[in-house]
1. Could you list, in sequence order, all residues of the stretch B:233-262 that are touching a residue at least 40 places away in the same chain (Cβ under 8 Å), open to solvent by 10 Å² or more (accessible area, probe 1.4 Å), within 14 Å of chain A (Cβ to nearest Cβ) and within 19 Å of B:Ile282 (Cβ to Cβ)?
2. Hey, does the stretch B:266-287 have a residue that's within 14 Å of another protein chain (Cβ to nearest Cβ) and open to solvent by 10 Å² or more (accessible area, probe 1.4 Å)?
3. Look through B:Leu620, B:Leu563 and report the one residue that is modelled with pLDDT under 85, under 38 Å from the mean Cα position of the chain (by Cα), surrounded by 15 or more Cβ atoms within 10 Å (Cβ to Cβ) and more than 11 Å from ligand 1 (Cβ to nearest atom).
4. Looking at B:Arg592, is it without any contact (Cβ under 8 Å) to a residue 24 or more places away in the chain and either more than 10 Å from ligand 2 (Cβ to nearest atom) or over 30 Å from B:Ala471 (Cβ atoms) (or both)?
5. Could you figure out which of (1) closer than 20 Å to B:Phe460 by Cβ; (2) more than 14 Å from chain A (Cβ to nearest Cβ); (3) touching a residue at least 40 places away in the same chain (Cβ under 8 Å); (4) open to solvent by less than 60 Å² (accessible area, probe 1.4 Å) isn't true of B:Cys558?
6. What number of residues within the stretch A:166-191 are surrounded by 14 or more Cβ atoms within 10 Å (Cβ to Cβ) and under 19 Å from the mean Cα position of the chain (by Cα)?
7. Is there a residue in the stretch B:112-119 that is open to solvent by 10 Å² or more (accessible area, probe 1.4 Å) and under 17 Å from B:Leu159 (Cβ atoms)?
8. Any idea which residue in the stretch B:623-633 is most open to solvent (accessible area, probe 1.4 Å), counting only those that are under 14 Å from B:Phe530 (Cβ atoms) and more than 8 Å from ligand 2 (Cβ to nearest atom)?
Amino acid sequence: MNEVKDPYNLIITGVGGQGNVLSSQLIGQTLVNKGFFVTIGETYGASQRGGAVMSHIRISKKKQQSPLIPRNKSDVVVALEPVESLRVLAAYGNPEVVVLVNTRPIYPVDVTAEKEIYPKMEDIKKALDELSGQVYYIDATEKAMQMGSPILSNMIMIGALLELELIPLSTANFIETLAARFDQKGLEVNVSALEEGRKAIQLAGHG
Amino acid sequence: MSIISLNEPDKELLLMGNEAMARGALEAGVSVAAAYPGTPSSEIIASLAEAAEDMGIYVEWSVNEKVALEVAAAASFSGLRAICAMKQNGLNVASDFLLNLNLIGTQAGLLLVVCDDPSSHSSSNEQDSRLFSKMADLPLLEPATFQEAKEMVKWAFTLSESIENVCMMRGVTRISHARGNVILGELPRRKARPYFNKEKQRVTHPVNQKHPLLHESLDRLREIFNGSPFNQYAGPEKAELIIMTCGSGWLYAQEAVELTGLDDMVGILKIGTTWPLPEKLILEYLKRTEKVLFVEEVDPFLEGNVKELAADFMRQIGPKTFFGKKSHHIPFFGEMNSDRVVDALTQIFDMEYTFATPAYEASAKKAEMMVPNRVLGFCPGCPHRASLWSIKSALELDDREGFVTGDIGCYALARNTAGYELSKTSGAMGTGTGLASGFGKLSRFGFSQPIISLCGDSTFFHAALPALTNAHFNNSNFIMVILDNSATAMTGFQPHPGVGINAMGETVLPVEIEGVCQALEAKVEVTDPFDLEGTRQKLLDMLEGPGGAKVLIMRRKCALLRLKEEKPPYRMHIDAELCLGKDCGCNRFCTRTFKCPGLIVDQETGKAKIDEVICVGCGLCAEICPTGAIVREETA
Ligand code: SF4
Ligand code: SF4
């Protein structure tokens, strides 16, 4: 568990509608319960309409941090969509940052209209290697669809993040927050999504 | 139970700035809250609405910001504390009353919160609303943290009562929409009994007596502000440079000083009470340094006011060098962040600071080039896409260079590719109809282009109604399209007079838009935008028909609301045999032109494909494919 770096800077990024705003709130509230100062800066004026949505989550024992992470100062990036990881790293990355990427693309309309090109996965991977310390690829959307709903992909990604023990938060702490938020059925689905994420990281073999 | 009415003093929560302000109002014993929704201010009143029943308060979504302020003032005149919240553009609407209310004065505490949107994340401009407080001679507070947002709101009511006038507060996106730690305080239970004292007329006259009184209260406020704990200094006794900052700038300034390691030389004076300035306090710190850097969002408000003060006291404080927007050390536009402050500090102190190595920068640049743009689009299944599609084809068929005057709301996207770049003008709320009313009178000069104005259902009540009345009164010729999606969708689905429910959750008789238009003797038709054929035909008929203002209501519930209530009606797939793909006569009409994000291209076959993660099964695209390749199956 990271005790040294303060503030610790987490970014959750994705496309409007993928649910990262709720995810960051749940993580944030759990950390506040554990006695941390948490600041979340999120851009969601546009979240309903296919834009890129990014949440900055800043964790500190000392004091309330500003809502925006300074350039190149992210510590871990959770990308719910592949190219969004690159968009974030270009501004906030550094050679040590740990990145978790959901491999399922969401194509911008300008890409389907062939005005822009969506990069090939191998090129994305190459760029990610250059811009980070470590990258984990997770087929979260595929797993979520098997579980019945693509929206669960963000819980799978959080499950993976918690398993890496980068932020000062255990899966058990997080489930307590979920329990206060969801009914029994909702809780069960979300907990099994977390478990999927945990397994995905174990398969990727960290440690 | 709503999170802001939690009766657990000392509990620490992660709250959005807007929720923190709402909680502050509850802790101050507020009774009445009113607003018209507007990002980034909406959650202040929305969270009070959620708490209304628990807390026994009255909350309303008013039809516009001016009415909201009037509703709040009525409560204040009757001895009840009231809060009114709006976004920066909303203050322009409310300002007519505000600049009279300041002379009228108030009784119980009245707080007006205005949330600005630097960088215009979700706004048509990035206006700095603070100038209004100076214009209206009213006190202005600017919270710098989430906890402070709550505490300041509480204090604002006391302040308002001590000067018997409105207290203003300015939030910004990164306070209002950011989240941070907030420790809850006590919730009072007792409420005052309202009573309007008829002995005291609430009018602006006599202005020649009331106006000087306003200035006297500014003097009193300066005194109070000199001792306010919301103004604080941290840093060396004698500083090489002092950063003067307010609002969201404070946290960024602190971080920038830490990042540059300039703690020994640079102090930070945070001003929470930005108008009128706490002059004594500021002069004291001006004496301690020769250099000042101003860090604030949008206009150089603090900067200009402090410089004016320094000019008056030049002899006592000595010469200073000021850095900020005027000196171009801080940009004149866009929101603040700590990088901008780091840039300013490194320039002033002429020091090296590297964000990343050149090699890393090069890789980052390369990656940035690879990343495709994500332009905003309508949601999958959105009724506006269908509406605009019909307007587009009707105008093409009509072929007289007709154009669209747009407005504010989700459908503002009619200006970009998602809305086929149809909308050619956009300004304030209701501007689409007002401009159309003007264009529609130009025929006597030989103007012959047809005009279609857009307006949402909520916008109709807010500001388009006077414009339509104007069009009728002056016999102007155009088609007003009302995109009725049964909600103020853009700002989070607040109800409006046409919906049949209010902020308190009470069922009310909905105001029928068609009835209102008919009363104005406008020709009114209603259509379901998903009936593409029928909608286009109606438009064509109206374009050809006799003159005057004609109204076409395109009515279908917002896709997001629909999804909450019902299952997707269709399961979609592409018949690969029928799809012509790249060879399609329409050159892949569906993905290139129609642009629902649910329709993508199969990279291998070059044919259309449904993205099952995105598609909500609305079935509309099946109607636009010329070969019938997009197939819809009814879901059971
Ligand atoms: S689905 Fe229809 S409109 Fe789209 S490319 Fe195929 S044939 Fe053309
Ligand atoms: S059915 Fe067609 S138009 Fe409707 S959401 Fe799916 S892809 Fe988009």
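The values are calculated or read from the model by the stated rules, or taken from the named source; none is laboratory data. In this text the structure is predicted, and so the values were computed from the model without any measurement. Quick reminder, even Gly has a Cβ in these numbers, built from the backbone with ideal geometry, and neighbours come from all protein chains shown. Surface accessibility is based on the protein's heavy atoms, side chains included, excluding ligands, DNA and RNA. Shrake-Rupley method; radii C 1.70, N 1.55, O 1.52, S 1.80 Å.
1. Correct list: B:Trp250 only.
2. The answer is yes, given that some residue of the stretch B:266-287 is within 14 Å of another protein chain (Cβ to nearest Cβ) and open to solvent by 10 Å² or more (accessible area, probe 1.4 Å).
3. Residue meeting the stated conditions: B:Leu563.
4. In short, yes.
5. The one condition B:Cys558 does not meet is (2).
6. Within the stretch A:166-191, residues that are surrounded by 14 or more Cβ atoms within 10 Å (Cβ to Cβ) and under 19 Å from the mean Cα position of the chain (by Cα) number 14.
7. The answer is no, given that none of the residues of the stretch B:112-119 is open to solvent by 10 Å² or more (accessible area, probe 1.4 Å) and under 17 Å from B:Leu159 (Cβ atoms).
8. So, considering only residues that are under 14 Å from B:Phe530 (Cβ atoms) and more than 8 Å from ligand 2 (Cβ to nearest atom), the one most open to solvent (accessible area, probe 1.4 Å) is B:Glu623.
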